[in-house]
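The values are calculated or read from the model by the stated rules, or taken from the named source; none is laboratory data. Remember, predicted model here, so these are calculated numbers, not experimental data. Every residue, glycine as well, gets a Cβ built from its backbone with ideal geometry; the counts of neighbours run over all protein chains shown. Only protein heavy atoms, including side chains, enter the accessible area calculation; ligands, DNA and RNA are left aside. Shrake-Rupley method; radii C 1.70, N 1.55, O 1.52, S 1.80 Å.
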Amino acid sequence: MRVARYATVGILALVSAAAGCINTAELRDLQGLASAINSRYEAPAGVNLTTGGQLTITFQNSKYAALAPAAREAFARGVARFAVAHFPERDSLRVVRVGFQSVKGMAGFSVTRSEVPYSWSLAELRSIPDSGAPAVISAQRGDRRQAKR
């Protein structure tokens, strides 16, 4: 599955670059951000950037979608802050959105249910106090604890 994802990203990168729709530095930044999010949260995430500065992060079939509402919002806010901190062109962002996608399929077709309920402006994300350590959400318990450095 991971190989297929990278192959798809590679093909989309070539098509986009050939069409002149996206520059390679921007594409490299988005791929790096997706990789950092996948590593940090141990869950596959799609990253999309619109020309209006809207960054959308979507977790597919993620254990985090099952969190209690308050813990899920805290998780999404942490992801948004992580994305801003790790995106080289962060000052070009206007809005960061975080959502979840459920994909189920069989017999050659799939059904996708997407929900992107969380959205913060760059100013809102920068104004949230930082405790110094990234918050970690336990999907099993839905509690917050500070990550060890």
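Can you pull out every residue in region 30-42 that is surrounded by fewer than 18 Cβ atoms within 10 Å (Cβ to Cβ) and either at negative phi or of a type in the set (S, T, N, Q) (or both)?
Result: GLN31, GLY32, SER35, ALA36, ASN38, SER39, ARG40.
Considering only residues that are hydrophobic (A, V, I, L, M, F, W, C) and part of a strand (DSSP E or B), which ones fall in region 44-67?
Answer for region 44-67, where residues must be hydrophobic (A, V, I, L, M, F, W, C) and part of a strand (DSSP E or B): ALA45, VAL47, LEU49, LEU55, ILE57, PHE59.
Is it the case that some residue within region 104-123 is open to solvent by less than 70 Å² (accessible area, probe 1.4 Å), more than 13 Å from THR56 (Cα to Cα) and in contact with a Lys or Arg (Cβ under 9 Å, 6 or more places away or on another chain)?
Scanning region 104-123 turns up no residue that is open to solvent by less than 70 Å² (accessible area, probe 1.4 Å), more than 13 Å from THR56 (Cα to Cα) and in contact with a Lys or Arg (Cβ under 9 Å, 6 or more places away or on another chain).
Of the residues ARG97, ARG77, which single one is within 20 Å of LEU122 (Cβ to Cβ), modelled with pLDDT of 95 or more and not in a helix (DSSP H, G or I)?
Going through ARG97, ARG77 in turn, just one is within 20 Å of LEU122 (Cβ to Cβ), modelled with pLDDT of 95 or more and not in a helix (DSSP H, G or I): ARG97.
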